[in-house]
Amino acid sequence: MTDMVVRTGLSRKDIYECYQCARCTGSCPALEVRPDAYGPRETILRWLDQGRDKLTRDKHIWLCCTCNVCEERCPQMLPISDLLTDLRNLAARRGNIPDRLAAAIRLLAVTGRTMIVHQLDEMRAHHGLEPLPPAAAEEVRAILKETGLDEVIEF
Amino acid sequence: MKENLEERERDFESNDLRIGVYVCHCGKNIGGTVRCEEVAEFAKDLPGVALAADSLYMCSEPGQEQIKSDIKEHQLNRVVVASCTPRLHEPTFRAACESAGLNQYLMEMANIREHCSWVHLHDKDSATEKAKDLVAMSVSRVSRLVPQHELTVPVARKALVIGGGVAGIQSALDMADAGYKVYLVEKSGSIGGRMAQIDKTFPTMDCSICILAPKMSEVGRHPNIELLTLADVQDVSGHVGNFRVKVLKKARYVSDECTSCGDCVDPCPQLVPDEFEAGLSFRKAIHIPFPQAVPSKFRIDMENCLNKEGIVACDKCYRACEHKCIHFGDRDETIDLEVGTIVVATGVDVFDPRGLTEFGYARFPNVITTLEFERLINAGGPTSGELIRPSNRLRPKKIAFIQCIGSRSKRSNPYCSNVCCMNTIKDSLLIKEHWPDTEITVFYIDIRAFGKGFEDLFNRSRREGVSYIRGIPGEIVEDLETKDLTLIGENTLLGRRYRHHADMVILSVGIKPSTNTGGVQRLLNLSTDIDGFYMEAHPKLRPVDTTTGGVFLAGTAEGPKDIKDSVTQASAAASRANILMSKGEVQIPAITAKIDADKCNACGLCARVCPYHAIVGSKEQGYYRVIEAMCQGCGACVPECKFGALDQTHFTNDQIVSQLDQALAHDPNNKILAFACNWCSYAGADFAGVSRMQYPHNVRIIRTMCSGRVSPKWIERAFLKGVGAVLVSGCHLADCHYNHANQQTVKRLERFWKRMERNGINKDRLRLAWISAAEGAQFAQVIHDMAAGLTKITPAEISQTIERLEKIAKKKGSLT
């Protein structure tokens, strides 16, 4: 595992050494489920050939699950996961965050949960279980604000 | 000798100086920027100058003739040529002087092209002023030069070759055929090296051992070659022409009478994985490496013999041997050799892919390496040439090759291993030749088929139906039942993912420097490059020489290469060594260090920093002395001496201080004084010139052979003179041409910075930069940065520095 701190402000000089061997693509689990995704190799190639800005408007970058396997196997030790994270942060700041993702974050910020649970409560009651304790929505919001998400998504 | 030299020096001091200064226009190269007539006019008034002239092309025949006739006509006893870099035409002008009867060491060049006109193209006034400074520096230096006579040392007409692979074999044969005695030292039981293990060679598909074996036996029976197998070089001392070498010859336990009948093998109870067969089969403890081995003699691998504790626990081989060749009492012996030249041909090891766990090598039986494949397909190999899957011993129908394993990667070796692409192409054809129905897929990044006949072989492979898919798999998955393999990856040309099924996967492994590289490197004072291969003296023009005189490189020890290139280089190395041996003597440039025994305090500090162990002596003896033939002339020892007993010929303290004083004679506050080493930084500054990289004109460069020569005293003197900033520049730490002598530079500068800090002097005014000969841009950038820094240094600060230094000088004598 490489450095746990996500590197930001990555530029061409961090990835120019990519020679497109595609070991990353062969290691990518996101591609297993979404064959239309770019995969790390194509993302890097597009970054180098078409520039970062075009990629920030591209929905495909949101399919990476940052599992880091590509980075583990990259023969050139390129910071692929960090690159994707950096790219998506930038895309989000430019308002290019996918609606479904924005909705999910809003849900998390408002309810403190990643799922809508009111039906779940009925089910729990049906089975004679206590209702779920209230989620720490306030705390979650504080964390989200700490990351700067509130500047990108209203909640 | 010493007295004579001093007499000569006196002679010259008593003579009046008659310096001739020649300012070259170099067409428009210099003349277009520098007003050469003005510079020549300026030079006329410099002390000791008898004559100054400008000329269109000094290096031309008429230009040289002018120098020659002036030396005679005007009795010139010194010459300054202000033109291009001395790295280009110093030999030309030295020869011109020498032919007119003037000692060649009395000629000095001022570099007003690469270091002046080309880098200040748009500032004619400043360039002309700088050229005047450079000429004044040279005139001042030349008036302090003394005639030198190069030392001639005899070269023993014997050679040592380290490593008995194809490169070592070729070098040994070439030198032996030329009539010189050759000792060939090989660490294993037979010569032959990697080439003996390979089945076929590319691009001709020759049987590898069939073409190698005749050469091996030629070595075995050559009257001029003494073959030392199971041997290791333990120690090397001496210098070019006269090396003393200690070789440890390990016990063979089988005498020379062995006829290699093989009767001893069957009775031996000890089974050991066979190294020659890449571990794919077993051998006995008593064995011959391979049938064609030279010397064709068995040996006992005592590590694996039952008698290894020194007690005869088993004598089965002894009893089976009819000729009674087996001697359990055999002992290692040390052999002393004296040789004039050494060829290093220590070869390579193969990359071990176990670390790349995603490919499953050593976990999945059907994943093998190309070296294992060579043994599997070889008729003399463990399967008699039947290609089988290790899991079930059946012939594989679908084979996949994966390229660049252990090459071109920061995780393993960053360089391209050079041979793997062609090796795979050849392997694919071998399989197709024997079993045409085999389905072969090669997964690659780039196919590098750059050599003669290579592209043709690549085409043939595709014509035979081998598929090439661009994209290395991310991982290999094994079917637990069938042991079949699935490669998961992406065909980058189609942009589509693949799941490729194969019976067998062959990893095309790269090569890496031999594990014993480090040992030989230390013994011979060699440098290695960033990848761990031996570094040549010059990558273009001295590709088989090393920076140690009399030591040459052959084969893959210098860098990854195929058999043809190894053989070519081996012959080149032999030829270079033959030149030395045929001449029988060698000239040592008169730039060596010398110790004044009367002043020497026998502290031994100089001996400790000498990268060549060229300084010997002891406290008991009362002094140290320099072995001139071993001294390479870096001068790193000189600043170490506290008693003024040490100096470097032709780069004396006096000479360099005089240059320094001239450089800072006018407007020192706005000047940058740069010390540049001959091999890298001076050449880097030359390269900036050749590339016309413009940088500020207020830098003045002084050349030393190595940055290790730069004395802190010079830096202190420069600050006392009111210099704005000082730059010390040298080769990158791993690339020092004097075997890490520049480590001394670091040490001394760090000490100096500390002292600056302690005395409240701005540390930023002294900079250390590593600039290689290829980094012209880097040199220009450093000067830009320093010039920018200079604007922040006030005259008040400079005078304060001078005051402080003077105060220290009064109290303690010196800052250093």
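The values are calculated or read from the model by the stated rules, or taken from the named source; none is laboratory data. These figures come from a predicted structure and were not determined experimentally. With ideal geometry, Cβ positions are generated from the backbone for all residues, glycine too; neighbour counts draw on all protein chains shown.
So here's what we get for this one:
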{"item": "Any hit, segment B:446-454, residues being more than 26 Å from B:ARG363 (Cα to Cα), part of a helix (DSSP H, G or I) and either more than 14 Å from chain A (Cβ to nearest Cβ) or modelled with pLDDT under 95 (or both)", "result": "yes"}
{"item": "Hits in segment B:481-502 - residues which are within 13 Å of another protein chain (Cβ to nearest Cβ) and either small (Gly, Ala, Ser) or under 16 Å from B:ILE402 (Cβ atoms) (or both)", "result": "B:THR486, B:LEU487, B:ILE488, B:GLY489, B:GLU490, B:ASN491, B:THR492, B:GLY495, B:TYR498, B:ARG499, B:HIS500"}
{"item": "Residues of segment B:156-172 classified as surrounded by fewer than 23 Cβ atoms within 10 Å (Cβ to Cβ) and aliphatic (A, V, I, L, M), total", "result": "1"}
{"item": "Candidate set: segment B:455-480, residues that are in contact (Cβ under 8 Å) with a residue 12 or more places away in the chain and of a type in the set (Lys, Arg); chosen: the one farthest from the other protein chains (Cβ to nearest Cβ)", "result": "B:ARG460"}
{"item": "Hits in segment B:331-355 - residues which are touching a helix residue (DSSP H, G or I) at 6+ places or on another chain (Cβ under 9 Å), on the phi < 0 side of the Ramachandran plot and outside any strand (DSSP E or B)", "result": "B:GLY340, B:ALA345, B:THR346, B:PRO353"}
{"item": "Odd one out for A:MET115 among (1) surrounded by fewer than 15 Cβ atoms within 10 Å (Cβ to Cβ); (2) at pLDDT 90 or above; (3) farther than 24 Å from A:TYR19 by Cβ; (4) not basic (Lys, Arg)", "result": "(2)"}
{"item": "Strands (runs of 3 or more DSSP E) (entirely within segment B:614-669) containing at least 2 residues that are surrounded by fewer than 18 Cβ atoms within 10 Å (Cβ to Cβ)", "result": "B:615-618, B:623-626"}
{"item": "Filter pass, B:LYS215 being surrounded by fewer than 21 Cβ atoms within 10 Å (Cβ to Cβ), part of a helix (DSSP H, G or I) and either touching a Pro at 6+ places or on another chain (Cβ under 8 Å) or in contact (Cβ under 8 Å) with a residue 40 or more places away in the chain (or both)", "result": "yes"}
{"item": "Helices (runs of 4 or more DSSP H) (entirely within segment A:20-106) containing at least 3 residues that are within 11 Å of another protein chain (Cβ to nearest Cβ)", "result": "A:23-26, A:29-33, A:39-50, A:69-73"}
{"item": "Tally, over segment B:115-151, of residues that are at pLDDT below 95 and outside any loop (DSSP other than H, G, I, E, B)", "result": "1"}
{"item": "Residue, farthest from the other protein chains (Cβ to nearest Cβ), within segment B:396-408, restricted to residues that are surrounded by 16 or more Cβ atoms within 10 Å (Cβ to Cβ) and either at pLDDT below 95 or in a loop (DSSP other than H, G, I, E, B) (or both)", "result": "B:PRO396"}
{"item": "Unmet requirement for B:VAL182, which otherwise passes all of (1) in contact with a strand residue (DSSP E or B) (Cβ under 6 Å, 6 or more places away or on another chain); (2) surrounded by fewer than 21 Cβ atoms within 10 Å (Cβ to Cβ)", "result": "(2)"}
{"item": "Selection count where residues are within 10 Å of chain A (Cβ to nearest Cβ) and either surrounded by 24 or more Cβ atoms within 10 Å (Cβ to Cβ) or in a strand (DSSP E or B) (or both), scope segment B:409-426", "result": "0"}
{"item": "Checklist (1) assigned by TED's automatic domain parsing to the domain that holds B:ILE425; (2) touching an Asp or Glu at 6+ places or on another chain (Cβ under 6 Å); (3) more than 23 Å from B:ARG363 (Cβ to Cβ) applied to B:TYR468, failing item", "result": "(2)"}
